[in-house]
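J.: Structure incoming, see below.
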Amino acid sequence: MIRERYSDQVHSGEILDILSLNSTPACLLDLRLQSVTLNQEMQETLQLENTNMAFAKWARSFSSTTQSELQQMMHHLLTEGLHETSLHVTLKKSFQKYDCKLVHLTNGQIVLTLISPYNDSHTNHSTDHTIPHSDNSKVKSDSRKTVQIKPRKGILPFSNIREAQLSKRMTHLVDKFPHGLAFISNTWDITYANPKMEELTGVSFEKSINKKLWDVYPVDEYYHVFQNYLRAMETQETIEFELLIQKTDIVVEMTVHPTELGLTVFAQDITQYKKHLQALKDSEERFAVLANNIKDVFWITDPDFKELHYVSPSFQTLFGLSRSDFFENPSAILDVIEGAHREKVEKALSMMREEKYQVEYKIKDFHGNEKWVRTRGFPVKNQGIPYVIGIHEDMTEYKEMVQLKEKSQQLSTISQMSAGIAHEIKNPLTAIKGFLQIGAANPELRDNYQEIILDEVNRIETIVQDFMMLSKPKSSIQLEEVELHQVISYVKRLLEPEAEEKEIKLTVESTYSDEKIMTEPKRLNQILINLVQNAIDAVGEAGEVSIDVKTSSEYITISVSDNGPGLTSQEIAKIGEPFFTTKEKGTGLGVMVSKKIVSDLNGTIEYESEKGEGTTVTVKLAK
């Protein structure tokens, strides 16, 4: 066996000849030229065709784990001034195991010999220098020729009291370090682990101190970890990777930093971070599923609407603009809004910076399609940064549906009113026709039916006048200043004779004096006449009807109350419908006319009634 260094003048062939005398498989590695020269025994053992080849090709004769260990041991020989070392190797083709000896000659030349087949008796040398690999075998070094690092319980040795105090402080500092910290020597001994590292790994430092790394962490379970440790040792570069520690179910971010003394390992607990990250990812995926599969458009922008942060994919379908163009120029949306609506949209967007607001407008996309859009938005803050978020809704189908519904209601109303008109006019016409026929057949009786015919004609005239009132547009109102007490007095004088004839008590209660109101006198008179007349008709004989007038700084309130039979809630709900009436000869048009006039005067009318308790009608008009 070669024990001493050979000079540069020794020829590689001579070395192999010497080794061949003992029939020992051997080869000479020239790491400068990346070449290998084999003797015959080594060539036969490795089952190779040539005795000279490139280093990479030769290395592939061994198992992948052995290749990594050979690289590691050669690195130690060349960089740490070692003379020789040894390890166990496994051949790739035959799976045969050998004891392998490496001897450093000089200038990058290493002699490698295969000593004898590997057996279990070699695994119990307590002084071996070993490197782990995936089949749990160990790399053995010659303890007589290598420099051994004595295991230490502290971090650094200190020679005086001041240094001892500093050591105590440093020990306290690393013990309280918020992340895991451990030191591993060049011989793969665990020399230190702080309490946080014990907590993360679930391994006690007292039980693992001075033990080989793979004795504490099995290679099969932590193969990925050992790969990164070896990489850091070989390249002398800091390595970072993530690791799930099965024993504690904790995810850590490992940082392996190589030094002259070995490896310094940092472990940071990122379990909660990973959970939050996964939760965020899941939330984003769920939001993406929602945003990608609904017609409404979600959007997020800055308060000035100059920087768009997000817009859902359905934007392009609704507005006919590409999302990329919209991101580059958010104001491009104004180009598709009809001119008459742009001002109110811009005003609405400005309001959304301060409060929840919505606006409906019409657009015309680049394909010429007209659509109705409703935009709703409101301000929010995230970590102190203001945003405006909102939604665009396609209202086109809804608008079309509303229009169809309105037309349907109009047709229904017209149909109902036409039937009512025909019915109401047909009755007096039938009476007029009958009495005229009787008068024509009996001239002497003609004068007897003249008054009845005239009443029926007046009834037809009243119906026609009511319909004419309903057809008058609001724009036809001519406002003028009217004294309120004159209107009330006129209505009372007009209807008081009828009330007295029926023995009905008609009273007026008021809190006004000379109040004036801007209104149309004829329409206001018509309202009061209709309300008081209905009340008189409802109470019958010996009833009571009161007119109550109250004023405030903004409104005038007129209430007409009676003590008649009252109405049910179902009857109140039908008030105002064409030809709904509780009177025997009523048409229901008077209530419709009253509601129409009150609406034209920008007022409100309300009905309060209970069966058997009478009815109160309240009209509220602005001054």
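J.: For the stretch 320-340, enumerate the residues that are open to solvent by less than 30 Å² (accessible area, probe 1.4 Å), over 19 Å from D302 (Cβ atoms) and in contact with a strand residue (DSSP E or B) (Cβ under 7 Å, 6 or more places away or on another chain).
T.: Across the stretch 320-340, the qualifying residues are V336, I337.
J.: Another one. Any chance you could count how many residues in the stretch 496-513 are touching a strand residue (DSSP E or B) at 6+ places or on another chain (Cβ under 7 Å) and modelled with pLDDT under 85?
T.: Selection size over the stretch 496-513: 4.
J.: Still on this structure: Confirm whether F327 is closer than 16 Å to V388 by Cα and part of a helix (DSSP H, G or I).
T.: Judged against the criteria, F327 is a match.
J.: Starting from the stretch 203-215, keep only residues that are in contact (Cβ under 8 Å) with a residue 60 or more places away in the chain, then list their pairs with residues that are among the hydroxyl-bearing types (S, T, Y) whose Cβ atoms are within a distance under 7 Å, requiring at least 6 positions of separation or different chains.
T.: K212/T130
J.: While we're looking at this one, here's another question. Of everything in the stretch 199-226 that's open to solvent by less than 60 Å² (accessible area, probe 1.4 Å) and farther than 26 Å from S68 by Cβ, which residue is farthest from the chain's Cα centre (by Cα)?
T.: I209
J.: Against the conditions (1) closer than 22 Å to E397 by Cα; (2) of a type outside the set (A, V, I, L, M); (3) part of a loop (DSSP other than H, G, I, E, B), where does H341 fall short? Just the number, please.
T.: Single failed check for H341: (3).
J.: Okay, moving on. Out of the stretch 239-289, which residues are among the basic types (K, R) and part of a loop (DSSP other than H, G, I, E, B)?
T.: K247
J.: Filter the stretch 520-538 for residues that are open to solvent by 20 Å² or more (accessible area, probe 1.4 Å), in contact (Cβ under 8 Å) with a residue 40 or more places away in the chain and in a helix (DSSP H, G or I); which is nearest to D562 (Cα to Cα)?
T.: So the residue we want is A538.
J.: How many residues does the stretch 561-571 contain that are out of contact with any Asp or Glu (no Cβ under 8 Å at 6 or more places or on another chain) and open to solvent by less than 20 Å² (accessible area, probe 1.4 Å)?
T.: Residues that pass the stated criteria total 1.
J.: Follow-up question, since we're still on this one. Of (1) under 13 Å from L29 (Cβ atoms); (2) under 60 Å from the mean Cα position of the chain (by Cα); (3) in contact (Cβ under 8 Å) with a residue 60 or more places away in the chain; (4) buried (at least 21 other Cβ atoms within 10 Å of the Cβ), T66 satisfies all except one. Which?
T.: (1)
J.: Next question. Out of the residues in the stretch 258-298 meeting the condition of being in contact (Cβ under 8 Å) with a residue 12 or more places away in the chain and under 11 Å from the mean Cα position of the chain (by Cα), tell me which one is most open to solvent (accessible area, probe 1.4 Å).
T.: Among them, the one singled out is F298.
J.: A further question follows. Kindly check whether there is at least one residue in the stretch 345-354 that is within 18 Å of E397 (Cβ to Cβ), of a type outside the set (A, V, I, L, M) and open to solvent by less than 80 Å² (accessible area, probe 1.4 Å).
T.: No, the conditions are met nowhere in the stretch 345-354.
J.: Can you tell me how many residues in the stretch 195-211 are touching a strand residue (DSSP E or B) at 6+ places or on another chain (Cβ under 8 Å), among the polar types (S, T, N, Q) and modelled with pLDDT under 90?
T.: Residues that pass the stated criteria total 2.
The values are calculated or read from the model by the stated rules, or taken from the named source; none is laboratory data. The shown structure was predicted, so the numbers you read here are calculated from the model rather than taken from an experiment. As a convention, Cβ positions derive from the backbone with ideal geometry for all residues, glycine included, and neighbour counts pool all protein chains shown. Quick note on the areas: whole protein, heavy atoms, side chains included, nothing else; ligands and nucleic acids left out. Shrake-Rupley method; radii C 1.70, N 1.55, O 1.52, S 1.80 Å.
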